[in-house]
1. Which members of region 182-234 meet the condition of being surrounded by fewer than 17 Cβ atoms within 10 Å (Cβ to Cβ) and among the charged types (D, E, K, R)?
2. Which one is nearest to the chain's Cα centre (by Cα) among residues in region 88-117 that are of a type in the set (Ser, Thr, Tyr) and closer than 14 Å to Arg162 by Cβ?
3. Every residue in region 319-338 that is assigned to a helix (DSSP H, G or I) and surrounded by fewer than 17 Cβ atoms within 10 Å (Cβ to Cβ), please.
4. In region 21-40, which residues are more than 14 Å from Gly134 (Cβ to Cβ), in a helix (DSSP H, G or I) and either free of Cβ contacts under 8 Å to residues at least 60 places away in the same chain or among the aromatic types (Phe, Trp, Tyr) (or both)?
5. Would you check which residues across region 250-276 are polar (S, T, N, Q) and crowded, with 18+ Cβ neighbours inside 10 Å and list them?
6. Can you tell me which residue in region 19-66 is nearest to the chain's Cα centre (by Cα), limited to those that are over 19 Å from Glu334 (Cβ atoms) and among the aromatic types (Phe, Trp, Tyr)?
7. Yes or no: region 114-130 includes at least one residue that is closer than 30 Å to Asp62 by Cβ and assigned to a loop (DSSP other than H, G, I, E, B).
8. Restricting to region 277-303, what's the tally of residues that are loosely packed, with under 15 Cβ neighbours inside 10 Å and of a type in the set (Ser, Thr, Tyr)?
Amino acid sequence: MEMDMKFVRKLPIPKKVKEQFPVDSTIAAIKETRDREMKAIFEGALDKFLLIIGPCSADNEDSVLDYTYRLAKIQEKVKDKIFIIPRIYTNKPRTTGAGYKGLVHQPDPDKAPDMFEGLVKVRELHTRAIRETGLTCADEMLYPENHRYVSDILSYAAIGARSVENQQHRLTASGIGIPVGMKNPTSGDLSVMMNGIVAAQSGHTFLYRGWEVHTDGNPYAHAILRGYVDRFGTSTPNYHYEDLNHLHEIYQEAGLKNMSVIVDTNHSNSGKKYLEQIRISKEVLHSIHLNPSLRGFVKGLMIESYIEDGAQKIGEGCYGKSITDPCLGWQKSEKLIYDIAELW
């Protein structure tokens, strides 16, 4: 029985795709301005709260852009306090390998995978979001070698709980010029996440896309607390006051260039009970007010939110409803953003 890989076709290199779908000067200027402001927040030079918010997966271009338009309107109202980074997550990790793997795999979730069309769709979606809403976005760096396809339009990258221990993710994160959030692993071992941050903040020479490359290190690599699963399979949170203080102490001992953490309000922190994100967000803000050192340390929140509450199966056809993890609906999300601005 044949067990080898079947090579379907050679995909164009990122440079060729960028030439085919170029970024104009308007988009480049928006990204430069937003990147500068976000880095100032991570450096502590700007006292604003980051909100990385949006669908679990960006499965439908129309509803994702509809959602991003809504965020843009709120951003204008809360811009003095909150810096919003829409989640446009086009790569989705699958624990067993089964299920929807994201827009990069399936531009249409109801059809067979098409990786080239997927890469083009990812680039088009991120570009449209910037041009039409003025917001640059976040995506998960599930495949490090794919980052170059969006390196000129992405403003924030996240490395997931199952990828954070991977050498190629860590080394690639050291050479991209945007903030990279590194999640604690599903086991909850903070040393794994911290080792990843140390690696990403350091310079390296390594193999990337067939090239020998050198990096100087990324000072904006930082922690994301997303909860963990204990040995009995129970979701256990790590967003409480004591958890934040403990991580702050670990950071101090490590002597890193950047001391920053984002709290993921869903996943194992909520036990995937999406409505808990409202309470968790407010508890984190309360913790920040209890300890002045946390105000400069906890840079923001990551929230899974979409137009409709909950989740649906592929093919059910409910507009703006997640086909992966359940998300907080728009009405609740809008109120939560205003509440966060008040609490901050």
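The values are calculated or read from the model by the stated rules, or taken from the named source; none is laboratory data. From a predicted model like this one, the values you see are computed outputs, not experimental measurements. Positions of Cβ are generated from backbone atoms using ideal geometry, with glycine treated the same way; all protein chains shown enter the neighbour counts.
1. Asp189, Arg209, Glu212, Asp216, Asp230, Arg231, listed by residue number.
2. Thr95
3. Selection gives Gln331, Lys332, Glu334, Lys335, Tyr338.
4. Within region 21-40, Ser25, Arg36, Ala40 meet the criteria.
5. Answer for region 250-276, where residues must be polar (S, T, N, Q) and crowded, with 18+ Cβ neighbours inside 10 Å: Asn258, Ser260, Thr265, Asn266, Ser268, Asn269, Ser270.
6. The residue in question is Phe42.
7. Yes, region 114-130 has at least one match.
8. Final tally of qualifying residues: 1.
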